[in-house]
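Heads up, the thing below is written out as structure tokens.
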């Protein structure tokens, strides 16, 4: 008898705390968007030459193809494409210091939300821990710049 009484008491309490469908707020709509993008990094990379008689450009272990593959992988991993939709050609200038580290990356052209995208690209490039072999001028390492051209295609999908 106690078991039945206890069961009815729990049932009454449970139904009294249940949410009524009429009290539900349906004005809040959640939109799920997903941006898909395709990246095409162009080769060869263009080295900005320093005025020098014996200039040797900066190089990456494994060559430009290895850097392109690594950069492409990191971009798909770390770029937050939910904040921007990218389409078209972009040029990035990597500044490589005399020790072979990428110390700065600047992008162009400036478009809507490009500041967020360029900040994300700086993060991506800094995540690559392998150093470049610095450019040399007459046998001494010097600071140099490398230009990368990329083409982005974006597609925004509502889910």
Evaluate segment 145-154: report whether one residue or more is within 16 Å of the chain's Cα centre (by Cα), more than 19 Å from residue 64 (Cα to Cα) and surrounded by fewer than 17 Cβ atoms within 10 Å (Cβ to Cβ). yes
Filter segment 51-75 for residues that are loosely packed, with under 13 Cβ neighbours inside 10 Å and touching a residue at least 12 places away in the same chain (Cβ under 8 Å) and give the result. 53, 54, 61, 65
Can you spot a residue in segment 47-59 that is modelled with pLDDT of 85 or more and in contact with a helix residue (DSSP H, G or I) (Cβ under 8 Å, 6 or more places away or on another chain)? no
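Only residues that are under 22 Å from residue 63 (Cβ atoms) and either in a helix (DSSP H, G or I) or touching a strand residue (DSSP E or B) at 6+ places or on another chain (Cβ under 8 Å) (or both): list them for segment 111-130, please. First the steps, then the outcome.
Just the residues of segment 111-130 that are under 22 Å from residue 63 (Cβ atoms), to begin with: 121, 124-130.
121, 124, 125, 126, 127, 128, 130, listed by residue number.
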In segment 89-101, anything surrounded by fewer than 18 Cβ atoms within 10 Å (Cβ to Cβ) and in a strand (DSSP E or B) is listed as 89, 91, 93, 95
Condition broken by residue 35, with the remaining ones in (1) surrounded by 12 or more Cβ atoms within 10 Å (Cβ to Cβ); (2) over 24 Å from residue 146 (Cβ atoms); (3) modelled with pLDDT of 70 or more satisfied: (3)
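The values are calculated or read from the model by the stated rules, or taken from the named source; none is laboratory data. Owing to the predicted nature of the structure, the values given are computational and were not obtained by experimental measurement. Counting neighbours? That spans all protein chains shown, and the Cβs are built from the backbone with ideal geometry, glycine included.
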